[in-house]
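Since the structure comes first, as C-alpha cells, the remarks are kept for the end.
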C-alpha cells in the first residue's frame, strides 16, 4: 500500500522537476522569507509534547522520540548515523524535525508522501525504530491517569493510538524556525555575500528553494558512502531489514544506500543514490550532514559542492565544480549559519514534568470497566 | 516491517472459525489408561538430524531472535525453572509482564495443539508466535532474519541443514522445533513401573495411583501416556491476583482482550481469562483450558494457566474442595466436585504426582557465536 503511494508521488515529482529546470532560479531574500508558523490546538500540542518525550511509546520502554530527536541538537541527535531501537543501530542520519510539518515528503528517501500521522505511525511501529505494538501502547496510555485527562482535554476521548498519532503531529507543527539573522534581515557583509553566492553563481537555490530551503524533491548529489554502515553488523542488519521490507533487489549484496530508488524503482537504476533535499535551516544545531552523516562540518559540505559534488555516474547535471575562492567558501558557510534561529529548547518545546516509568495500579480493578 | 495494529477497537469478525470441541462422555471406562511414554512423533516434513537439533538448541538460547535482543526462548523457558518460569504470570518482554503462566517445553513434542488454549497447531508454528508476540519476544521477521545472516556459524549451519543461501527465519522455527522434540522424558518412575519395574513406585505412590484412577478420578482428564486427554475444561481456577495488584499485569490483561478481538462489551467488563473462548468465540468455551500433561510438574510450580496454585499439595486440595470459582462458573466441568479425600489420601496422591517426573533435564548453555561483518561481494 505504502509503496504505491511513493510511485505516484515520484511521478508528480519528476514531471514537476523537469518543468522547473528552465524556470526562474529564486534570488531575492523574499523568495526564501521566514518559515510560516502553523496554527495549532493547545491541548493537542500539550499531549503531543508529552508523548514525544515518553519512553513508554517504545516496545521495551527504553527510548522516546526525543532520544533521537533531541531539542538541544535541533531535534536531531548529533551523530553521523542514528541510534536505533535497542539491539540494532541505524544506517541513516537523524534529520531535524524543525519545519518538518511543512514537508511534502518524509525520510531521506522520501518514501512517505502522505502526512505526519503516517510518519508517526512508522516511527512508532518500525521494528528498528520504536518497535511498538500500538495495541499495547494504547493500553499503557490508559493506565496513566495523566493521559486519560490529556486525551480527553484534547478532544480525543479515551486514550487511543489514533489520538496519539494525531497529537504528535500537532506538536511537530510547533517546531518552526524563528528569529534567524536571515529572517531578521540582519546579515553581516560576509553572510550577505554568502547569500549572493548561494542564490547566484553556486546555484544552490535551484534545489534549496523556498522558506525552508528545500524543494522536497530528490536528487543525486554523489554523497560518498559511509563505510561504517557495512563495517558494523548492528547497522548492516538494520539496512538489510529495511531493504527486505522495501523490496530492494539483491539486498544482501549491495553496499550502498539506494535512497529514493525505493519509491521510484527506475528499471535502469538511474534513481539509485537520490535523496530528498534537506532543509538548510538550523544547520548549526544539526550536524553531521547528509543522509549518512559523512560530513562533520559545513566547511566539508561546501568543499564537496565546490568540487562539483561527489562521484556518481547519475549525479545531477546541475552540480559542477564551482571554483569558489577561499573567501567565497567562508562567506557561504557564514550564510548557512545565519539560517539558524533560536534553539527550540524552552518549555513550549520540551516536556518539563518527570514522566513516570511505572504505572499506577487501578485499585478497584474488578469494579472499574476496562 | 511495521508492527501490526488495528484501527478500530474491536474487530467485528472473529478470525478463528469456531470448531466444536466436545468433552468426552463421562465414564472412567472410556479413559485410555496411563501408559509409558514412547518416542515423540516426528513430522515427515521436518525430520530430525543432529546438526539441525544443535542449531535449534543454539537458537533457543539466542536472544537475538527477539525485538531488542534481550529475550530468548530460554528467558521464559528456563532449565533451572523446569523449562518454564517460576512465577505465577510469566515474565514478559522488557517493559511488560505476560498474562499467563509459562509452560514447560519438556514433552511439548507430544501435544497435538500448543499453548494453554491450544492456539498453535505445531511446534513449527508455535515458535514464531512466541518470538513475535508483543509481551513475549516482540521480534519481527525481517530484523530477526537479517541478524541471522550476520552470524557466520549460523550461515553455515542453515546452508548445510536447509540449503539456505541466507538463513530463512522459517527454518529457524523448524530447527527450534527439532530441538524441542529432544526435550522429552520417557523414563520417569511411573514409566518404569508401567514397563514392569514394580519397585519403581513406593507403597504410598501406589495408593496415590489408585486414588488417581479411582476415588479422585483424575484419570477422567489426565489419561494416556501424556496424562492428558488434550481436551478443554473449566475446572474453576480463580483469576490471577496480580490483575488486581500489578499495573503492568492490568495493561497486559486489557491488551490481550483487545488483541484477541473480543466484542466491545466483553472488552469493557471481562475480569478474567476466558481461555478457549478467544479461539472459538463460543460462550460455552469461556474459562476452558487444555488439560496439561502431569509429566515434569515436579519442577514447574506454580501451576495452572495463571499460576494460581503454588505447589502440588495446593493442587490436590483444590480438587478435593471441588475446584474453585471464577467468572465462568456456568461452564464449570461437572467432573469437578468435592472428592472427600482425607489428609493421608491427599499426601498419597501428591506422592503419586511426583512419579510423573524423572530427574531434572539440564544441559550446558551453548556458547553463542558473534556477529561478523559481511565481506563485500564486489571485493
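Worth a mention:
- Selection count where residues are modelled with pLDDT under 95 and in a loop (DSSP other than H, G, I, E, B), scope segment B:20-41: 9
- Members of segment A:296-318 found to be surrounded by 20 or more Cβ atoms within 10 Å (Cβ to Cβ), touching a residue at least 40 places away in the same chain (Cβ under 8 Å) and on the phi < 0 side of the Ramachandran plot, listed by number: A:304, A:305
- For segment A:273-296, the criterion of being in contact with a strand residue (DSSP E or B) (Cβ under 8 Å, 6 or more places away or on another chain), under 30 Å from residue B:165 (Cα atoms), modelled with pLDDT of 95 or more and in a loop (DSSP other than H, G, I, E, B) is satisfied by at least one residue.
- Of all the numbered requirements in (1) in contact (Cβ under 8 Å) with a residue 60 or more places away in the chain; (2) over 26 Å from residue A:263 (Cα atoms); (3) in a helix (DSSP H, G or I), residue A:67 misses one, and that requirement is (1).
- Lone qualifier among A:52, A:91 - being buried (at least 21 other Cβ atoms within 10 Å of the Cβ), in contact (Cβ under 8 Å) with a residue 24 or more places away in the chain and over 20 Å from residue A:228 (Cβ atoms): A:52
- On inspection, residue B:83 fails the criterion of being surrounded by 22 or more Cβ atoms within 10 Å (Cβ to Cβ) and within 13 Å of chain A (Cβ to nearest Cβ).
- Some residue of segment B:243-255 being closer than 26 Å to residue B:108 by Cα and assigned to a loop (DSSP other than H, G, I, E, B): no
- None of A:316, A:342, A:353, A:312 is under 30 Å from residue A:138 (Cα atoms) and part of a loop (DSSP other than H, G, I, E, B) except A:353.
- Checking residue B:243 against (1) closer than 30 Å to residue B:47 by Cβ; (2) touching a helix residue (DSSP H, G or I) at 6+ places or on another chain (Cβ under 9 Å); (3) crowded, with 17+ Cβ neighbours inside 10 Å, the condition it does not meet: (1)
- Test: residue in segment B:42-62 that is assigned to a loop (DSSP other than H, G, I, E, B), within 14 Å of chain A (Cβ to nearest Cβ) and closer than 15 Å to residue B:133 by Cβ: no
- Meets criteria (at pLDDT 95 or above and either outside the structural domain of residue B:214 (by TED's automatic domain parsing) or under 30 Å from residue A:228 (Cα atoms) (or both)) for residue B:308: no
- From the list A:46, A:30, A:39, the one residue that fits, being modelled with pLDDT of 95 or more and surrounded by fewer than 12 Cβ atoms within 10 Å (Cβ to Cβ), is A:39.
- Residues in segment B:133-147 that are more than 9 Å from chain A (Cβ to nearest Cβ) and assigned to a helix (DSSP H, G or I): 0 in all.
- Hits in segment B:340-365 (condition: surrounded by 15 or more Cβ atoms within 10 Å (Cβ to Cβ) and outside any helix (DSSP H, G or I)): B:341, B:355, B:356, B:357, B:358, B:361
- Whenever a residue of segment A:358-369 is more than 7 Å from chain B (Cβ to nearest Cβ), its partners that are surrounded by 11 or more Cβ atoms within 10 Å (Cβ to Cβ) and assigned to a loop (DSSP other than H, G, I, E, B), lying with C-beta atoms within less than 6 angstrom and at least six residues away or across chains, give the pairs A:368/A:362.
- Single unsatisfied condition, residue A:268 versus (1) touching a residue at least 40 places away in the same chain (Cβ under 8 Å); (2) more than 12 Å from chain B (Cβ to nearest Cβ): (1)
- Among the conditions (1) over 21 Å from the mean Cα position of the chain (by Cα); (2) surrounded by fewer than 21 Cβ atoms within 10 Å (Cβ to Cβ), residue A:348 misses just one, which is (1).
- From the options A:171, A:195, residue that is surrounded by 21 or more Cβ atoms within 10 Å (Cβ to Cβ), touching a residue at least 60 places away in the same chain (Cβ under 8 Å), away from chain B (no Cβ under 12 Å) and more than 26 Å from residue A:94 (Cα to Cα): A:195
- Tallying residues that are crowded, with 18+ Cβ neighbours inside 10 Å, touching a residue at least 60 places away in the same chain (Cβ under 8 Å) and within 7 Å of another protein chain (Cβ to nearest Cβ) within segment B:249-275 yields 4.
- Selection of segment A:114-151 for residues being within 7 Å of chain B (Cβ to nearest Cβ), in a helix (DSSP H, G or I) and touching a strand residue (DSSP E or B) at 6+ places or on another chain (Cβ under 8 Å) yields A:122, A:125.
- Summed over segment B:109-132, the residues that are in a loop (DSSP other than H, G, I, E, B), in contact (Cβ under 8 Å) with a residue 12 or more places away in the chain and under 22 Å from residue B:168 (Cβ atoms) give a count of 1.
- Considering segment A:247-264, the residues that are over 19 Å from the mean Cα position of the chain (by Cα) and over 19 Å from residue B:379 (Cα atoms) include one that is surrounded by the most Cβ atoms within 10 Å (Cβ to Cβ), namely A:264.
- Residues that are within 30 Å of residue A:231 (Cα to Cα), part of a loop (DSSP other than H, G, I, E, B) and touching a residue at least 60 places away in the same chain (Cβ under 8 Å) do not occur anywhere in segment B:321-334.
- Residue match in segment A:70-78 (condition: within 14 Å of chain B (Cβ to nearest Cβ) and free of Cβ contacts under 8 Å to residues at least 24 places away in the same chain): no
- Residue within segment A:271-284 that is farther than 30 Å from residue A:32 by Cβ and in contact (Cβ under 8 Å) with a residue 24 or more places away in the chain present: yes
- Residue check for residue A:256: part of a loop (DSSP other than H, G, I, E, B), under 24 Å from residue A:122 (Cβ atoms) and within 14 Å of chain B (Cβ to nearest Cβ): yes
- Picking from residues in segment B:262-280 that are closer than 16 Å to residue B:330 by Cα and outside any strand (DSSP E or B), the one that is nearest to the chain's Cα centre (by Cα) is B:276.
The values are calculated or read from the model by the stated rules, or taken from the named source; none is laboratory data. Keep in mind the model is a prediction, meaning the values are calculated, not measured. Cβ coordinates were reconstructed from backbone atoms using ideal geometry, including for glycine residues, and neighbour counts include every protein chain displayed.
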